[in-house]
1. Could you check, for the stretch 191-199, whether at least one of its residues is in the same structural domain as residue 38 (by TED's automatic domain parsing), crowded, with 16+ Cβ neighbours inside 10 Å, touching a helix residue (DSSP H, G or I) at 6+ places or on another chain (Cβ under 9 Å) and not in a helix (DSSP H, G or I)?
2. Could you check, for the stretch 124-137, whether at least one of its residues is in a helix (DSSP H, G or I), modelled with pLDDT of 80 or more and closer than 22 Å to residue 160 by Cβ?
3. Tell me, yes or no, whether the stretch 231-240 has at least one residue that is surrounded by 18 or more Cβ atoms within 10 Å (Cβ to Cβ), under 30 Å from residue 201 (Cβ atoms) and at pLDDT 75 or above.
4. Considering only helices (runs of 4 or more DSSP H) fully contained in the stretch 14-117, which possess at least 3 residues that are modelled with pLDDT of 80 or more and surrounded by 12 or more Cβ atoms within 10 Å (Cβ to Cβ)?
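The values are calculated or read from the model by the stated rules, or taken from the named source; none is laboratory data. Predicted, not measured: the structure shown is a model, and the values here were computed from it. Positions of Cβ are backbone-derived with ideal geometry, glycine not excepted, and every protein chain shown enters the neighbour counts.
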């Protein structure tokens, strides 16, 4: 068969809109798999960046009191900072400006005037030295010798919950990708049966002319490859746009700028493998399905 016969099965795919059905299935499957993988990888990377930034940090809270006449909050902050800076296990002590505290609360309290009237606690960001074993409760006990109502928040607890959530999402994304791949293979197998049924007379004639099964399957595979590429790219683009909308809507909850450029590049390289893998899977599935069907032909 000549090179032009690569389009041998093109009319069969156009028959009863089987080509459009093939394209739609590939596009939908690529969209689901790409979005699941991209969303999981992006959230995992953001979670990892957050974990790395907060793993050794503690937050000291100095509550506001109704009666500031005895010991003003500013004085209590100075006392707490003096105690903290005298602890050798701590690497850095940084009082959080009031404007930054208000900015952190802004996504939940939309009225600036109400935010300014609230008795906000003063926050102090504390970084433990590498390898230091100072716990939140031990630090709180030391602080309360100077500031009796000081509280210390260790981020380890909610970071562990976040890690469990991300791992669960990763498992769910893997399951979705596996099911999507299985559905793609099954759907392509069914389309192959429909195409082969419409071209049964042509295939029997090719057999009489001496065409081997592998040659027929190769041309069928080429047609599947030709249709799968635009479908995969369409599904990929839609998935990337959907991911962009997702990151846009969670921008107030997750600091996207924390994700380093290297991780964005790694994320892009990982995600772009999905449409390529889908095209290869579609073409190989078509080839092996046809080879198996051709065994039943005379």
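1. Yes, the conditions are met somewhere in the stretch 191-199.
2. Here is the first cut: in the stretch 124-137, the ones in a helix (DSSP H, G or I) are 136-137.
Still in the list and also modelled with pLDDT of 80 or more: 137.
Pick out the ones that are also closer than 22 Å to residue 160 by Cβ and you get 137.
Yes, the conditions are met somewhere in the stretch 124-137.
3. The initial filter retains those residues of the stretch 231-240 that are surrounded by 18 or more Cβ atoms within 10 Å (Cβ to Cβ), namely 231-232, 234-236, 239.
Filter again for under 30 Å from residue 201 (Cβ atoms), leaving 231.
Next, from what is left, pick out any that are at pLDDT 75 or above: 231.
Yes, some residue in the stretch 231-240 is surrounded by 18 or more Cβ atoms within 10 Å (Cβ to Cβ), under 30 Å from residue 201 (Cβ atoms) and at pLDDT 75 or above.
4. The qualifying helices (runs of 4 or more DSSP H) are 18-54, 73-85.
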